[in-house]
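The values are calculated or read from the model by the stated rules, or taken from the named source; none is laboratory data. Computed from a predicted structure; not experimentally measured. Quick reminder, even Gly has a Cβ in these numbers, built from the backbone with ideal geometry, and neighbours come from all protein chains shown. Heads up: the accessible areas ignore ligands, DNA and RNA and are worked out on the full protein's heavy atoms, side chains in. Shrake-Rupley method; radii C 1.70, N 1.55, O 1.52, S 1.80 Å.
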Amino acid sequence: MMRLKALPDVPRWAVLAAHAVPLVTLPSGLWRLALVAGFPVTQDAGWRSMGVGESVYVVSLSVVSELLAFLTLGLVRSWGEVFPRWMPFLGGRRVNPAAATGAALAGAAGLCAIAAWGAYAAYAGLGPGIPSTPAQDALLAFCYAPLLAWPVLLAAVAVAYRRRRRDGGRGAAGGGSRQYGAGCPSPSSWV
């Protein structure tokens, strides 16, 4: 069985959910990269039909969404407790639990708003649409459907993070107060 890295007092379900977030964003990013590369994911796919600016935007969207998804791991790892030392101005300081939770929940709300707008736009027939065959439509749905889990997983992990940090590291067992990242953490704790 694969071992997932996380702090010892994080519930197993939260660790699995946090590690699932980058995986649920991956198919849509790969679909967008395939579109830019010219694979037949739409009828007018290809770099010839897309300008340079559009191509850069689509690739950037894929990269940024994957990086944002990876931030969820901070809610179950030590760099969600104390900023890594290599970060300018913040390195070595404790992460404010309310700020981290607020940012995560705001992100989840934003993702829900984007999904709601996308559903409304598709239902109302807004925009030009993507010319495609039924097989291409199925591929698009297959690649974008996992994104619906992103806000749910993010919100669940954020709530678990807030509960754990509010308890002062005692966890469900009520053990002693334990602060991660206090002193000089080992280099492997940032991974």
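Listed values, structure above:
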| quantity | calculated |
| --- | --- |
| Ala6 being assigned to a loop (DSSP other than H, G, I, E, B), open to solvent by less than 70 Å² (accessible area, probe 1.4 Å) and in contact with a helix residue (DSSP H, G or I) (Cβ under 6 Å, 6 or more places away or on another chain) | yes |
| Residues of region 96-115 classified as open to solvent by less than 30 Å² (accessible area, probe 1.4 Å) and polar (S, T, N, Q), total | 1 |
| Top-ranked residue in region 21-43 [being open to solvent by less than 30 Å² (accessible area, probe 1.4 Å) and aliphatic (A, V, I, L, M); ranked as nearest to Ile130 (Cα to Cα)] | Val41 |
| Within region 44-88, tally of residues that are touching a Lys or Arg at 6+ places or on another chain (Cβ under 8 Å), surrounded by fewer than 16 Cβ atoms within 10 Å (Cβ to Cβ) and hydroxyl-bearing (Ser, Thr, Tyr) | 0 |
| Restricting region 119-149 to residues that are over 18 Å from the mean Cα position of the chain (by Cα) and surrounded by 14 or more Cβ atoms within 10 Å (Cβ to Cβ), the residue that is modelled with the highest pLDDT | Leu139 |
| Members of region 24-46 found to be touching a Phe, Trp or Tyr at 6+ places or on another chain (Cβ under 8 Å) and among the hydroxyl-bearing types (Ser, Thr, Tyr), listed by number | Thr25, Ser28 |
